Amino acid sequence: MIDFNNAEFYSWVVLPALVFFARLIDVSIGTIRIIYVSKGIKFLAALCGFFEVLVWLVAITQIMQNLSNWLIYITYAAGFASGNIVGIFLEEKLAVGYVALRIIAQKDAQELVDHIREKNYGVTVFGASGLNGKVRLVFTIAKRKDIPELVEIIKKYNPRAFYSIEDVKMISNGTTGLAPKNIFGAGYFLRK
């Protein structure tokens, strides 16, 4: 039976586990905070920063009080590495912000444009010249969480199209007019 009151068990099992999970949490929060900073979402970035540092202080205090325990160093580093993975996973699930989607269609892009517009995205289309002749450049702004839907439309209605996706920090005008500022400090593009 495990004796949780045993000092050695606490020093070599419980404490390293706590340090690991504290580091995992603070690095995950830090990853999300960086995303919010890059998107200009000030309030949420500051809130994440507060909790990130608070959790880090708890972890580092335990390390400083137990400098002779080498296992804590290992679990601290493992928590940091794991926190990066978890933070990236969470960021992908949150899909914060907006992206600019540029599509270069080799064939007629009207059907593609029509289906994108059916989903209430604003679309701008340009005639252009590519390596092998005339192409259509299709441009839209969308929420990051909507990327899979848009990629599916591209693959269905213009499968040979080249496309690129870039993060957008802020936008000001769209098909519905001026994008309002919110309390978190970033402009937002509104779907119809």
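A compact table of results
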{"item": "Per-residue ³J(HN,Hα) for the range 22-38, Karplus 6.51 cos²θ - 1.76 cosθ + 1.60, θ = phi - 60°, Hz, x for Gly and Pro", "result": "5, 5, 4, 5, 5, 6, 4, 4, x, 4, 5, 4, 4, 4, 4, 4, 5"}
{"item": "Estimated FRET transfer efficiency (residue 6, residue 147; beta-carbon r; R0 41 Å; 0.05)", "result": "0.20"}
{"item": "Choice from 102, 160, 144 with maximal GNM fluctuation in the chain (Cα, 10 Å cutoff)", "result": "160"}
{"item": "Highest-MSF residue in the chain out of 130, 87, 122 [GNM, Cα springs under 10 Å]", "result": "130"}
{"item": "Length-normalised contact order for the range 98-178 - Cα pairs under 8 Å, 6+ apart - percent", "result": "46"}
{"item": "Potential lengthening between residue 139 and residue 95 on full extension [0.36 nm per residue; Cα-Cα distance subtracted]", "result": "13.8 nm"}
{"item": "Residue exposure sequence - 31, 140 - by fewest surrounding Cβ within 10 Å", "result": "31, 140"}
{"item": "Inter-label distance, nm, simple model (7 Å from Cα along the C-beta direction), residue 170/residue 117", "result": "3.1"}
{"item": "Matching label, volume of the Cα convex hull per residue in Å³ computed from the structure shown, candidates (i) 123; (ii) 172; (iii) 236", "result": "(ii)"}
{"item": "The range 7-94 - percent relative contact order, Cα under 8 Å, separation 6 or more", "result": "49"}
{"item": "Average Cα contact separation per residue, the chain, under 8 Å, 6 or more apart, as relative contact order %", "result": "23"}
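Since every read-out is calculated from the coordinates, none of them should be taken as a lab result. Computed from a predicted model, the values in this text were never measured in an experiment. Cβ coordinates were reconstructed from backbone atoms using ideal geometry, including for glycine residues, and neighbour counts include every protein chain displayed.
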